[in-house]
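Reading through the structure tokens given below for one structure.
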Amino acid sequence: MTYFLSICILLKISRPVPCVHIYHYYVHGIHGNDMRSTRSEDSTSNIDIHICLVDRSPRIPRLLNLREIDKDMQTLYINSSVAEFEFKASRGPDARVEGVIRYHPFLYDRETYPEDPYALTPENDDDDCFVLQAEGRGKRPIFECFWNGRLIPYSSVDEFEWCARPKKVFTVPLECYNRISGVLFTNDSFQVSTNKLTFMDLELQLRDKETIFTRVLNGQEQRVKINREFAVWLKDCHEHYDKQVKFLGFQGTTTRTDVPTKRLQSPWAKFKAIKWDGKTYKSGQNVKSLKTQPILFGSIVQFLLYGDHEGDIYATGGHVQIALVGQNTHVSVTAGIFFVVLPDQLRITWPEGNPWPEKAVRPAGTPMGPIQVEILNKKGEAMSRLPVANVNARKLSIDLKVMWHSPKGDVQTNSHIGIHSPKWEYWFKVMENLNKLGKYTMRLQTILSETSANEWAGKKLPHYELHFSIKESSAATFALPAVPCPVQLGVPFSLPVEFKDEFGHSTQPPSDIKPKLECSRSTKIHVGTFATGVTSFYTLGPPHLLVVSPECEVSIENGTPVGFQVEVQDEFQNITTHSKLIVRCQLLGAPDLTVDAVDCSNTGSGLLLTKPIQLKKVGTEHILTAKFGIPVRYVEDSNDVMVLQNMERIDWTAGDTLGSLRFRLYDEGGRLVPLTPKLANNIKVNWTAEVRVAELVNGLLPSVSVTTTAQSEHFYQVAFRDQHTVETSFFIVYKDCVCVCVIDVEVVDQYGNKTDTLSADSLKEISVTANNLDTSTLKVEWQNSSGSVLVHGVRFSAGSPGPRELCFKYQEFEEFARVKVMPGAPVKIILLDAPEMPIHVFNGRGLNTPFLLQLCDEWENPVPDQRVVIAIKTRSPQLKVSAKPRGYFSVLNAVSFVFSEYVCVGEHEVEFRGSFSRNSIPGPIVKLNVMADPNNPVNLNVEYDTEAMLMAGDVFPVFKVTVVSEEGGPVRSISPADLSMLLWQGSASGSRPPPEVSRSLRNCTTSYKEIPERVGKYMVQFVLVVGKSRCLWSSQIALNVVPNKPVKLVPDTVPPTPVVSNSSTQANRTLLEKLCLNIMDKYNNPAGLRFSGQVVVKVLSVEGEDTKDLPRFQNKTKTLTYSLTNGQSTITNLALMENSPGEDGAEYQLQFCPVIQGPAPYLAPFTLLFRFYNDAESQKVVAAMSKKRDQLSRSIEMYKDILETNKQLISELKSQVNDSTGRASQLKSELSKIGLDVSKLSDVIEDLIAQKKAELERIQNQPRRKCTMPDPFKGSPDVLGKIAHLAQVEDDDVAKVISWHLLGDMDCVVTETTAAARKIYDETQGRQQRAVLCLLLRSGFHLATLPYRPLPHIRNEGNLFHPVGNPVFVRDLLIFPEHAESCNMVFASLLGDTILVDDLDSANHYRKGVVQSKVQCPTLLTRHGERIRSNGKFGGLQNKAPSIEKLRGQVFGAPLPKEYQTTCKQIKLLQQLSVAIQKTWERQKDYDSHMQYMKSPEMKEKQQELRQQEVELRDIEQKLTSTPVRSFPASAAKPSNVDAADSPPAKRARRKTRRALGKSPTS
């Protein structure tokens, strides 16, 4: 049936689009107006809506069918989208909402998100324009809402939580969220307004927590996590539908200073052109921009793309730099944004924790690997295929090659191709063939699996190189050459010893080797030590090598010094010393750079710190080269000679003399030219004209008298001038120690012309005055040549450096001259900010606060001289100090003190001394009060019950292990997991267990609880792991494990089942030839050493009864007795009597029952089955079958044990897998409760842990309020610490006022015992405040123990008055990190009922109300820092807290934020989950492996053999029970001399048997 609906609407404007938008799905059906595909007829609508339009002029009506309009927004949305995301939202049984989200991609140069077709757009016909990226959806809401197919125009939904922009982590660019549109379809359950313009509460209901969202895929609802599904869908749309732009013509990288974000300023890749939408845009093209204000006209300069790129590359956009027409400026315009997902780098991990760093040096034979490699894109995501759209993705592989750079060329030692695995990424196994010495390079190259090409799209795929070296391994063998001859007595000689490793490489000897040389005759031999594989008698060698660190480039700022650590090594890389060992550093690359030096004569190493580098006109960066060297020194005529480099600068003191200068002359070939008088005459120097030829012939130059004039440096030159000129020069840079000036004084007229007023007689009238002028060195001299007065020797005796004014006075004339006074010569070292003496320090620890030392002259002026070396000297032989200087002189940091074993704890002195030019400079003396460290373990004390008897299989007695500190008390901060107990059988092995025990049990953290089941001598030793490399061992304890209680009598070896016959031959009647029986405990240990007696042997029936027809022993008795001595008994020649009674073919048992003399426990007897026959033939047959049965029984028992063990193992492994899986599920549930998404947690758990740890470190490093008061007593036994450190306060204002209120008590140390307080009193000589917890006020204990104490204005759960200002007890605002109960008592005693309110008005109001209620009012504090005492006084400076800065760190610290505790909990749960997942994987692997083993042919064969043997055993058992009995000869029927009472039944039985046999056909 077809419906036709005609609607006439009179409109003043011809815009039918809103009507089409409202009735869109009425007209076009449930799928809308999709013009790209043909829908089936059942999905289309058969409703037509016609509207009548009346234009303004002329007013002619026009009929229009809404189905013909294709410019409404829903039509544009549907036809511009490329993918849809369908979902449903349900709330209650009837309320249903169906929704669709559509994706509109970015295509080439524009967003395809539809815009209003009637909006104004700028006209543009120019093809050479760049269309800027639109914002897509912008700020418009995502969802339009339809009610029963009709648009509700004034209701829309901006977004849901699962499809909103992420705030932190996102996998696609944020602009992708502006490329989605959506539609919501509701039913009648949601109410709309009467005019159908708005929903009543649709958005509120959809945002309710009870609303359930499900995804619809192919018409089926799926209960999945909607947020994850949407993120995956959006990422897939972005990667497959957003088109790309190709950047061409790579020109290098640049830095953009116009970018406001500093981290985004570099690197930017520069390109010549881009290929966009089939068009190519190049540099130099004239363009204009669209949709910019203002519109830009200009030419393209270059294209910019952020990131480190090389060659041509694809991207969704970047920046284009345009040179504006008519302006000398450039502007950057954004051309688009895209997420690069190409392979970018390789991430290398070492799964077994054995990484090889760059330039690593490893011994030969060291295994390398395994190595795990991941290919990452620029988003840090792992990938194994190229992200190529619309084609089959190409797989990636990793090519590993190891090259050995041998002297003859590169040799490839390893080559592997790594294929991607979803579980292990790219995995390379261990390489164990790296045993050749030299340098290696391991290269990992990403390649295409199909073609092995290492490039794609013009760009090289990621690669990784690791450079390392292989050195010789530890020594394995050595060889000796022939002894040199002749050898003189008393004269040492060297005997080289060559050590080689297992691969034949020469190597170093072991460090702990002791050479031993034996001689055939009695000869006194002195043996040296091993060094570099050679036995030598010599000490450290001469300087051979100069090592400077750091080796890499160093970046500094202009105006700052740079420091280098230098070491002088001998030929064998040992740090060596030598006289006048001065390391010089010459900076090259800029003018006016000085030469710096450090003296390593005494130490062999030092810190070379240059002067502050001052460069002019520095651009972005300036590269300087530091050249290091040691001046070559040699001895000639007993004078040390230093060879100076050309243009070298030398620091020297002004006024000093530089002497003993020598020179040498070389020709072009570098050969030494002998000096002659003729050649010496051609040598000239520029510092003096008096040159002696005799000295020049000997290579001596005139001494340089360094001038005292105030100049920065002087130039000195030595030249040889002949046919060719050869010259060298050097500079002397002056270091003035005092102000030494030479001043020329003249008298001039008013025009500045010199007059003849002064004469030699005028010297008495000339005076020179200044503050602190040293007149003893002042000299005033007349100069005849110039007619002026020369004043020199100007020196100041005191005062600080800086400008000074000299007053020159002659008669009524007066003139002033300004001079700059420099510091004097360094004469002492002072300690800045000296702490209170003595300084308390724990043994073995460093000082928290560094020593700040200053080099000063005689008047304590700072001297900036860097040539002074500081040394620390101790005045106690037991005290050892190690110091690390920070800076070049003034700061010594991390000074630690290490004592010998018998050091006396107490006060010691440390002296700082300086040395300069072999002169000693005195320094300060620091007094140290060395205290034993109560937290440093030094010994393990083991206590146990030494009288306890250790019986096999029982439980060990309790071992009480006390970790003893230096102080002698126990260390309380030891983790039980760090303590291990080692147990081995044997004797003592010194201070360490045997190697095999140490290797197998060193990591054991579980104490042995059960005593071993085997008796013997055992050793026990405890070990405590302190730190990462230190172990503390206890003494070895010998234990004797004795047998447990005796429980049974058993043989040494169980004999086979005896088979005997009633024969005259004794051998056929012998049951046992020899059997050794022992009394054992339940663990089969001999336990009868104290027991003696007898062993009674008797025959019983199988049922254990003593019947009449039982066989008898050889002496015709029923029992035999054997002696039992010390738990042992030997049974020999046990046989039955001849013609013994017994039933033919019957089975009997021998019972060996011990009978102990005296009291003894019950001992189970030993029972042995045997068979009895009347003839020897049956005996032989049955004996063979019994032997076979015994063998089968043992074999079957063995097979059953194996199968039962495997069955139990399967059950145990299955239980472990279930436990691990349950534990992992439990942890995931806990993590989901605290807000972590556990859906993909197993893949990124380690990264998430690292991220959380980084977040935890960030929280810890956040600036927060801290108490900076030192607390050296915290950690001592029975010491809580200083009051300032016991509590924390969250609010800054509250912390300030409470800290000020308790300012006098903040430094007080609280102890738990009086003895600890007395000890602190003695150590500090009474200067330290202290309080004992048990001696605090009783009120503090009373307040601390009350469960709840109301404020004073509360009585009987009611208010006496209405308070203002939020009153609260101060003690309730304190947070106690540890010792909460004790700290609560301390602060209850100190604060009492002190109350905190907001401000002073509130405090006065509160006090007034409390007093008027006739209640005692405590002290009141305000958050603004005021105080009202309990007696009512307030105001004044005494009752006003200062600013928190003026408290100087004596303030309660702030606690860590709550986020810290949450993050700690998350890290703990994540680590536990990681372990649980790893255990689950390992246990599942073991379970699968064992199940596979159970199905293996080997196990099937064993099961088959077991079934066959069981069948065979049943056959033998059946044969044994049905063995035929032969007739006996007459001799066998003779009666035996047995008692008449016992004989007849047996005889009758035998007669009946014979009669039965006689009737048989075979008789």
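Values for this structure:
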{"item": "Estimated inter-spin distance, residue 1074 and residue 763, nm [label 7 Å along Cα→Cβ]", "result": "12.9 nm"}
{"item": "Extension gain, residue 729 back to residue 831 (0.36 nm per residue minus Cα-Cα distance, nm)", "result": "32.6 nm"}
{"item": "Charge tally in the Cβ shell below 12 Å around residue 507, where Lys, Arg are +1 and Asp, Glu are -1, residue 507 excluded", "result": "-2"}
{"item": "Region 929-989 versus region 1006-1041: alpha-carbon centroid distance in Å", "result": "9 Å"}
{"item": "Förster radius 45 Å - calculated FRET efficiency between residue 676 and residue 648 (Cβ-Cβ, nearest 0.05)", "result": "0.95"}
{"item": "Loop trypsin sites (Lys or Arg not before Pro), region 152-205 (other Cβ atoms within 10 Å of the site Cβ: 12 or fewer; DSSP)", "result": "167, 168"}
{"item": "Unit charges on C-beta of K, R, D, E only; dipole of region 1065-1222, Debye", "result": "360 debye"}
{"item": "Full-stretch length increase - residue 754, residue 958 - with 0.36 nm per residue and alpha-carbon distance subtracted", "result": "62.8 nm"}
{"item": "Stretch gain in nm, segment residue 198-residue 1411, where the contour uses 0.36 nm per residue and the Cα spacing is subtracted", "result": "430.5 nm"}
{"item": "Carbon and sulfur %, accessible surface of region 1010-1078 computed with the full protein complex present, 1.4 Å", "result": "51 percent"}
{"item": "Listed pairs 168/1465; 379/1485; 1296/1408 exceeding 23 Å between Cα atoms", "result": "379/1485; 1296/1408"}
{"item": "Cα→Cβ-extended label distance, 7 Å offset, between residue 972 and residue 915, nm", "result": "4.7 nm"}
{"item": "Of 273, 254, 233, farthest towards positive along the dipole that unit charges on Lys, Arg, Asp, Glu beta carbons give region 219-278", "result": "254"}
{"item": "Label-point separation in nm, residue 939 to residue 223, each point 7 Å along Cα→Cβ", "result": "6.8 nm"}
{"item": "Using a Förster distance of 30 Å, the FRET efficiency for residue 1314-residue 852 (Cβ separation, nearest 0.05)", "result": "0.20"}
{"item": "Overall form of region 1119-1256 per C-alpha gyration tensor (a/c, 1.5; a/b vs b/c)", "result": "prolate"}
{"item": "Trypsin sites (Lys or Arg not before Pro) restricted to region 1425-1455 and DSSP loop, no more than 16 other C-beta within 10 Å", "result": "1429, 1433, 1448"}
{"item": "Cα gyration tensor category, rounded, prolate or oblate, for region 900-994 with a/c compared to 1.5", "result": "prolate"}
{"item": "Interchain or long-range residues, amide H under 5 Å from residue 950's placed H", "result": "1042"}
{"item": "Cleavage-rule hits (chymotrypsin sites (Phe, Trp or Tyr not before Pro)) in region 1154-1239: DSSP loop, at most 14 neighbouring Cβ within 10 angstrom", "result": "1162"}
{"item": "Only Lys, Arg (+1) and Asp, Glu (-1) charged, at Cβ; region 1233-1299 dipole about Cα centre in debye", "result": "180 debye"}
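The values are calculated or read from the model by the stated rules, or taken from the named source; none is laboratory data. Everything quoted here is computed from the prediction, not taken from an experiment. As a convention, Cβ positions derive from the backbone with ideal geometry for all residues, glycine included, and neighbour counts pool all protein chains shown. Side chains included, ligands, DNA and RNA excluded: accessible areas come from the protein's heavy atoms. Shrake-Rupley method; radii C 1.70, N 1.55, O 1.52, S 1.80 Å.
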